[in-house]
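The structure under discussion appears below in the form of structure tokens.
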Amino acid sequence: MISVSLLWALYALLATVLNGAHASVTVYSQQPLAAASPTTTASGTIYTGLAVYDPLVLSPPPIPNPPPSTQFGITLQNSASNVGGLSIPLSGTFYGFSVEMSVVTQVLGLNASFLQVPFLNLMSLVASRAGAVYIRVGGNTQDYASLVPSLGDGKSIEKQQTGNGNPTQTPTLLFTPEILYMLSNISSLVNAKWYLGVPMNDTSNLRLQIAEYGERILGDKLLGLQVGNEPDLYARHGHRPSTYGPYDYFGEFGQIALALEQDSAVPVSNNLIGPSVATGDWHPEDVWNTGFIQAYSNNLLALSVEHYPDDNCAAIYPGFGTPKDPQAEFANFLTHSAGRDTIGYLLNSAAIAQQAGKPFIMFETNTASCGGFPGISDSFGAALWALDYGLQMAYSNFSHALLHVGGQDVYYNPFTPPPTNQSVYHQWTIGPIFYSVLAVAEALGPTNNSQIIDLFANGNSDETPGYAIYENGNLARVALFNYMTDPSGANDYVATLSMGDAVVPAQVQVKYLLAPSVGEHFNITWANQTFGGQFGADGRLQGTEYIQTVACDTGANACQVRVPAPGFALVFMTNDALEEATPTSTATFATTAYTKTMNTASIDPSVLATSNGHSGKDLQLGSTSSGSICNIHGLLYVVVGVEDWRWCAG
């Protein structure tokens with residue numbers, strides 16, 4: 001038996017190697033044991049369970065009459081210099097995630113020592129394609145959040161319902177530095193970078209601790225600090241007087257900017273983000289007209305807005321009118337116009353941001369506010385919508401966009417952990433729009449030098465749009481959509497790609513995003529790989545990747561690419577374009593640890609060597625079950641005969 005003194009010697013040795021990394025990092029996942037079948041509802045009954053598991057499947061809209069052409073040509077230019085109207089340079093990190101602050105311990109991990117393996121795997125999939133993944137921790141709860149040194153029972157976060165008057169029922173939130181160390185330890189495993197938010201509910205008593213601790217703990221993994229979340233809704237929600245307007249926000253932003261400049265514990269004060277209006281009661285121009293950009297140019301990292309194309313609030317809260325019928329709304333998401341119309345009035349702000357030399361960020365978005373729609377937000381149709389919407393924002397010179405992630409009571413999550421009381425036998429549920437994030441990452445690639453243009457394909461058809469993506473000045477990829485659903489195949493289309501300034505290659509490679517119907521929830525594949533069904537994912541793609549090779553006719557200068565109804569095709573015009581965007585390997589995280597049972601999880605300590613986390617020796621580990629905290633805090637041990645380190649786990 002290994003002596004305690006030897007164990008402590010090993011602990012000290014590894015702590016030196018880790019250079020300050022959290023010394024008891026454990027990743028945990030849910031091990032499926034005797035998983036029950038998902039709950040279904042009988043015909044005519046009303047589903048009353050958690051929104052994220054609502055089984056409602058909607059019917060696809062009818063084929064347009066007359067239908068769009070199923071045979072059409074697209075003439076492309078190989079050189080970007082021959083193309084007018086290209087976007088600003090873009091990165092594969094375009095799509096990231098906005099995680100509601102109150103659910104971080106459900107989604108990311110319990111604390112800095114217990115990280116969610118499925119989350120790590122999902123973020124690794126994005127980072128391996130895009131080079132990194134951008135994540136915002138904030139939302140409605142950030143304005144009422146307070147950082148405290150510690151909480152009872154070793155908890156890292158605690159909600160307090162205090163009746164703050166918000167119709168979205170936002171709780172007051174207490175959290176400890178442990179949350180920030182958790183983010184840091186995630187960044188040491190996958191290349192995740194973070195946005196945080198400075199609380200703004202009480203500008204007479206500023207709480208800057210999240211900036212102070214955030215910069216110290218996260219270092220260069222902290223991208224920026226949001227100042228104000230949807231300030232145009234403050235008055236409506238009772239957070240400010242009814243007279244509160246853009247000039248009031250201008251003043252409060254300046255108050256916080258000045259306080260951060262004067263705070264010696266905040267070495268970086270030019271990373272602020274605003275105004276993040278919800279484009280509800282104000283328009284962005286209302287803020288620009290105050291002189292906001294000119295006054296705070298030295299403080300601003302980026303300009304931001306938040307917007308949802310629709311809302312489902314009437315189904316949840318009184319006073320919002322008649323609830324909308326998801327079946328009637330479905331068709332609104334299944335056209336190319338949907339994305340264009342959503343951001344049309346923001347094009348002026350995107351141009352203003354360019355003139356100011358600032359990135360323009362869609363800081364929070366998804367299918368519909370108030371949690372999305374059943375049958376829409378969790379459908380393959382939403383995946384096509386999110387893909388088109390993302391590429392349309394990219395074409396319109398947004399720098400990137402963050403898809404919002406809520407709890408169990410929303411429909412639009414890109415990923416959802418199982419309820420706590422089911423975590424022993426259920427795994428995660430991956431929403432259709434997560435496939436969109438992977439596809440956008442591959443479409444734009446990791447070079448940070450991609451440009452995109454809307455092709456207005458097939459006579460600017462709403463059902464069959466397309467984009468061309470240029471990388472380092474040359475045509476790299478073509479993105480083709482088919483919003484129609486037709487199992488007969490009669491409305492599959494063939495696009496004939498040709499070049500006006502060159503000859504097509506001898507062959508191209510194509511990846512397909514496919515499902516039987518736009519109403520499908522889980523039978524979805526990206527290049528033949530899937531995350532499986534409800535409660536069926538550990539964050540890793542399942543199945544063998546299949547990339548179709550399409551032979552081109554160089555004599556006729558034509559490549560014919562078929563796009564099923566429904567479906568999306570990403571055409572790689574060169575081998576380099578395919579290799580850059582397709583990872584040869586993706587770091588994955590596997591563990592036998594699961595909640596409610598003592599177990600161990602293996603992890604290579606070298607991956608934590610550059611962590612900016614802190615030592616575990618002065619922490620009390622949080623837990624949601626009794627007996628899960630190690631008897632000797634931070635204890636590591638070597639299993640005889642096994643060549644890996646194992647951490648104490650709960």
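The values are calculated or read from the model by the stated rules, or taken from the named source; none is laboratory data. This structure is a prediction, so every number in the text was calculated from the model and none was measured. Because the Cβ atoms are built from the backbone with ideal geometry, glycine has one as well, and the counts that use them run over all protein chains shown.
Need a quick list: strands (runs of 3 or more DSSP E) entirely within the stretch 530-589 having at least 3 residues that are at pLDDT 95 or above and surrounded by fewer than 17 Cβ atoms within 10 Å (Cβ to Cβ).
Working: elements: 548-551, 559-563, 567-572.
Where strands (runs of 3 or more DSSP E) fall fully within the stretch 530-589 and carry at least 3 residues being at pLDDT 95 or above and surrounded by fewer than 17 Cβ atoms within 10 Å (Cβ to Cβ), they are 548-551.
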Checklist line | Residue in the stretch 204-227 that is nearest to SER98 (Cα to Cα), counting only those that are surrounded by fewer than 21 Cβ atoms within 10 Å (Cβ to Cβ) and without any contact (Cβ under 8 Å) to a residue 40 or more places away in the chain | finding: ASP220
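Counting residues that are at pLDDT 95 or above and charged (D, E, K, R), which helices (runs of 4 or more DSSP H) fully inside the stretch 311-375 reach at least 2? Break it down stepwise before answering.
Values: elements: 326-330, 336-343, 347-356.
Of the helices (runs of 4 or more DSSP H) lying wholly inside the stretch 311-375, those with at least 2 residues that are at pLDDT 95 or above and charged (D, E, K, R) span 336-343.
With the requirement that a residue be touching a residue at least 24 places away in the same chain (Cβ under 8 Å) and touching a helix residue (DSSP H, G or I) at 6+ places or on another chain (Cβ under 7 Å), what does the stretch 321-334 give you? Break it down into steps so the answer makes sense when it comes.
If we filter the stretch 321-334 for residues that are touching a residue at least 24 places away in the same chain (Cβ under 8 Å), which is where we start, we get 324, 326-327, 329-331, 333-334.
LYS324, PHE330, PHE333, LEU334 - these are the residues of the stretch 321-334 that are touching a residue at least 24 places away in the same chain (Cβ under 8 Å) and touching a helix residue (DSSP H, G or I) at 6+ places or on another chain (Cβ under 7 Å).
Using the structure shown, decide if ARG236 is surrounded by fewer than 18 Cβ atoms within 10 Å (Cβ to Cβ), in a helix (DSSP H, G or I), touching a residue at least 40 places away in the same chain (Cβ under 8 Å) and of a type in the set (Lys, Arg).
Details: surrounded by fewer than 18 Cβ atoms within 10 Å (Cβ to Cβ): yes; in a helix (DSSP H, G or I): no; touching a residue at least 40 places away in the same chain (Cβ under 8 Å): yes; of a type in the set (Lys, Arg): yes.
No; evaluated as a whole, the condition is false for this residue.
Would you mind listing the strands (runs of 3 or more DSSP E) fully within the stretch 74-161 where at least 1 residues are farther than 30 Å from ALA443 by Cβ?
109-111, 114-116, 145-147, 157-160
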Checklist line | For SER423: the one exception among (1) buried (at least 20 other Cβ atoms within 10 Å of the Cβ); (2) closer than 26 Å to ARG129 by Cβ; (3) at pLDDT below 95 | finding: (2)
Next item on the list: Collect the residues in the stretch 257-310 that are under 30 Å from ALA382 (Cβ atoms) and part of a loop (DSSP other than H, G, I, E, B), keeping them in residue-number order.
Entry: ALA278, THR279, GLY280, ASP281, TRP282, HIS283, HIS307, TYR308, PRO309, ASP310
Margin query: Which count do you get for residues in the stretch 239-280 that are of a type in the set (A, V, I, L, M) and free of Cβ contacts under 8 Å to residues at least 40 places away in the same chain?
Written below: 1
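Within the stretch 343-385, track down each residue that is free of Cβ contacts under 8 Å to residues at least 12 places away in the same chain and over 29 Å from PRO60 (Cβ atoms). Explain how you work it out, then say what you get.
Step one: filter the stretch 343-385 for residues free of Cβ contacts under 8 Å to residues at least 12 places away in the same chain, giving 344, 355, 357.
Scanning the stretch 343-385 gives GLN355, GLY357.
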Check: Given ASN421, ASN458, which one is out of contact with any helix residue (DSSP H, G or I) (no Cβ under 9 Å at 6 or more places or on another chain), in the same structural domain as CYS370 (by TED's automatic domain parsing) and polar (S, T, N, Q)?
Finding: ASN421
Notebook entry, point to check: Looking at ASN397, ASN413, which is the one that is assigned by TED's automatic domain parsing to the domain that holds GLN142, surrounded by 24 or more Cβ atoms within 10 Å (Cβ to Cβ) and either touching a His at 6+ places or on another chain (Cβ under 8 Å) or under 28 Å from LEU303 (Cβ atoms) (or both)?
Noted result: ASN413
Checklist line | Odd one out for ILE352, checked against (1) among the aliphatic types (A, V, I, L, M); (2) surrounded by fewer than 20 Cβ atoms within 10 Å (Cβ to Cβ); (3) closer than 30 Å to PRO64 by Cβ | finding: (3)
Checklist line | Scope the stretch 556-582; condition more than 27 Å from the chain's Cα centre (by Cα) and of a type in the set (A, V, I, L, M, F, W, C); matching residues | finding: ALA556, ALA558, CYS559, VAL561, MET573
Checklist line | the stretch 469-503, residues that are in contact with a Pro (Cβ under 7 Å, 6 or more places away or on another chain) and either without any contact (Cβ under 8 Å) to a residue 24 or more places away in the chain or of a type in the set (S, T, N, Q) (or both) | finding: ASN482, THR485, ASN491
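Hey, can you tell me all the residues within the stretch 239-265 that are touching a Leu at 6+ places or on another chain (Cβ under 9 Å) and surrounded by fewer than 19 Cβ atoms within 10 Å (Cβ to Cβ)? Steps first, answer last, please.
Here is the first cut: in the stretch 239-265, the ones touching a Leu at 6+ places or on another chain (Cβ under 9 Å) are 239, 253, 255-257, 259-260, 263, 265.
GLN255, ALA259, ASP263, ALA265 - these are the residues of the stretch 239-265 that are touching a Leu at 6+ places or on another chain (Cβ under 9 Å) and surrounded by fewer than 19 Cβ atoms within 10 Å (Cβ to Cβ).
Counting only residues that are among the charged types (D, E, K, R) and under 24 Å from THR365 (Cα atoms), how many does the stretch 212-239 have?
Looking only at the stretch 212-239, we keep the residues that are among the charged types (D, E, K, R), and these are 212, 215-216, 220-221, 230, 232, 236.
Remaining after also requiring under 24 Å from THR365 (Cα atoms): 221, 230, 232, 236.
Total meeting the criteria: 4.
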